[in-house]
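Participant: First, the structure itself, so that you have it in front of you.
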Amino acid sequence: MNVTFSGFYGMKNTGDDCFCKVAEWGAQHYWGADTSYFFSKKIPKLSNNAKPIMKTLPYRLQFINELLLDRHFKKNKHLVYSGGSIFHGKDWWEMEYANKNFEKYDLKIGAIGVSVGPFDSVAHEKKVIEFMKRMSFLCVRDLKSYELVQSYNLDLPCTHAFDLAGLLPMVDKLDLKARQESTKSTIGLALCSFSGKTGKVRHENKERLQILASAINTLNAKRGGDVTLRLFVFNGHELHGDMAATKEFVRLLDPSVSVELFDYVTDPMSMWHQIGECDAFLSFRLHGAIYAFMAHVPFLLAEVH
């Protein structure tokens, strides 16, 4: 059985890339899938058996993607929404496409590791409820989503599961020797300068960065310059990514602080191993904290969304 996964993929976000990696692994491990397809134009670095079902094309050639989708779903009926806060009812054409063509392709729809809501309006909530009536199963990643779905009294099997990143140790085990043998203290840090609610850069970012840099400088001085700071850019988006905040933060650090910069890469498992080598981790990104937690690295999550 081949499966098509859908989510916010191809946006240079390590958390969403992780969903792709875990989804492909799960499809192979549990469903015996030969090929994992992704309802996207771009996907992160996965195996050779993972394929996007659309192409990046000029606007005038978008009709080609319509033909590709038609050909694909005539042969592949299993569509699974995999990971993230995707059931919010706002404009998301992949879901609109599935809703519109549900009967045409006799789609079998499910979801794993997702969140439901929050909703901006009653209309958005009703749209999601109507869509869920067409689903075969739903696995949510948080209690609030589970309770919300239960309140709808739908004839839909719903499981309170967890974020897909929780399966990372099963997908790729870590070698903890590097952390145990290191003589230096390595602190990991994942910054975030983007507000998911407003879609704008947060104005208090600079003040927060100054406070954080001051704390790192003080700690490094107390430890006699024995601190190595690893900076992780989880979101590599040109406009909404974390590099600008990360560079600003580096300028605020004392030159005596040893800094290692890990920019966004398309392989979501790269940061999984690099975070696993840290002695402690501070994250302003949810999946930075989840990565650390699953790698048994002491962490602090300070989300700004």
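The values are calculated or read from the model by the stated rules, or taken from the named source; none is laboratory data. Because the structure is a prediction, the values reported are computed rather than measured. Cβ: placed from backbone, ideal geometry, glycine included. Neighbour counts: every protein chain shown.
Participant: Quick check on my filter: what residues within segment 75-84 are free of Cβ contacts under 8 Å to residues at least 60 places away in the same chain and surrounded by 14 or more Cβ atoms within 10 Å (Cβ to Cβ)? Lay out the reasoning, then the answer.
Facilitator: Of segment 75-84, the ones free of Cβ contacts under 8 Å to residues at least 60 places away in the same chain are 75, 77.
77, the sole residue that qualifies.
Participant: Given 293, 262, 281, 299, which one is crowded, with 22+ Cβ neighbours inside 10 Å and either touching a helix residue (DSSP H, G or I) at 6+ places or on another chain (Cβ under 8 Å) or not basic (Lys, Arg) (or both)? Break it down stepwise before answering.
Facilitator: On the way: 293 fails: crowded, with 22+ Cβ neighbours inside 10 Å; 262 fails: crowded, with 22+ Cβ neighbours inside 10 Å; 299 fails: crowded, with 22+ Cβ neighbours inside 10 Å.
That would be 281, the only listed residue that is crowded, with 22+ Cβ neighbours inside 10 Å and either touching a helix residue (DSSP H, G or I) at 6+ places or on another chain (Cβ under 8 Å) or not basic (Lys, Arg) (or both).
Participant: Would you point out which residue out of 254, 263 is closer than 23 Å to residue 84 by Cα and assigned by TED's automatic domain parsing to the domain that holds residue 207?
Facilitator: Details: 254 fails: closer than 23 Å to residue 84 by Cα.
Going through 254, 263 in turn, the sole match is 263.
Participant: Also, I was wondering about something else. So which residues in segment 94-134 are among the hydrophobic types (A, V, I, L, M, F, W, C) and exposed (fewer than 12 other Cβ atoms within 10 Å of the Cβ), if there are any at all? Lay out the reasoning, then the answer.
Facilitator: Applying the first criterion (among the hydrophobic types (A, V, I, L, M, F, W, C)) to segment 94-134 yields 95, 98, 102, 107, 109, 111-112, 114, 116, 119, 122-123, 128-129, 131-132.
Residues satisfying the conditions are 122, 123.
Participant: Could you run through segment 53-83 and say how many residues are out of contact with any strand residue (DSSP E or B) (no Cβ under 7 Å at 6 or more places or on another chain) and not in a helix (DSSP H, G or I)?
Facilitator: 6
Participant: Among all residue pairs at least 6 apart or on different chains, which show Cβ distances below 9 Å where the first residue, located in segment 52-74, is outside the structural domain of residue 24 (by TED's automatic domain parsing) and of a type in the set (Gly, Ala, Ser) and the second is modelled with pLDDT of 95 or more and part of a helix (DSSP H, G or I)?
Facilitator: Close Cβ pairs satisfying both conditions: none exist.
Participant: Among the candidates 161, 190, 244, 165, single out the residue that is assigned by TED's automatic domain parsing to the domain that holds residue 127, under 22 Å from residue 262 (Cα atoms), surrounded by 13 or more Cβ atoms within 10 Å (Cβ to Cβ) and at pLDDT 90 or above. Give the steps one after another, and end with the answer.
Facilitator: Values: 161 fails: under 22 Å from residue 262 (Cα atoms); 190 fails: assigned by TED's automatic domain parsing to the domain that holds residue 127; 244 fails: assigned by TED's automatic domain parsing to the domain that holds residue 127.
Going through 161, 190, 244, 165 in turn, just one is assigned by TED's automatic domain parsing to the domain that holds residue 127, under 22 Å from residue 262 (Cα atoms), surrounded by 13 or more Cβ atoms within 10 Å (Cβ to Cβ) and at pLDDT 90 or above: 165.
Participant: Next up: Which residue pairs have Cβ atoms under 9 Å apart, sit 6 or more places apart or on different chains, and have a first residue in segment 99-113 that is outside the structural domain of residue 159 (by TED's automatic domain parsing) and a second that is outside any helix (DSSP H, G or I) and of a type outside the set (D, E, K, R)?
Facilitator: Once the first residue is outside the structural domain of residue 159 (by TED's automatic domain parsing) and sits in segment 99-113, no partner that is outside any helix (DSSP H, G or I) and of a type outside the set (D, E, K, R) comes close enough.
Participant: Here is a list: 86, 112. Which entry is within 25 Å of residue 25 (Cβ to Cβ), modelled with pLDDT under 95, in a strand (DSSP E or B) and not hydroxyl-bearing (Ser, Thr, Tyr)?
Facilitator: Numbers: 112 fails: modelled with pLDDT under 95.
After ruling out the rest, the residue left standing is 86.
Participant: For residue 131, state whether it is closer than 30 Å to residue 273 by Cα and either assigned to a loop (DSSP other than H, G, I, E, B) or modelled with pLDDT of 95 or more (or both). First the steps, then the outcome.
Facilitator: Values: closer than 30 Å to residue 273 by Cα: no; either assigned to a loop (DSSP other than H, G, I, E, B) or modelled with pLDDT of 95 or more (or both): yes.
Against the criterion (closer than 30 Å to residue 273 by Cα and either assigned to a loop (DSSP other than H, G, I, E, B) or modelled with pLDDT of 95 or more (or both)), residue 131 does not qualify.
Participant: A further question on this structure: Being under 22 Å from the mean Cα position of the chain (by Cα) and buried (at least 16 other Cβ atoms within 10 Å of the Cβ) narrows it down to one of 17, 91, so name that one. Break it down stepwise before answering.
Facilitator: Values: 91 fails: buried (at least 16 other Cβ atoms within 10 Å of the Cβ).
Checking each option against the conditions leaves just 17.
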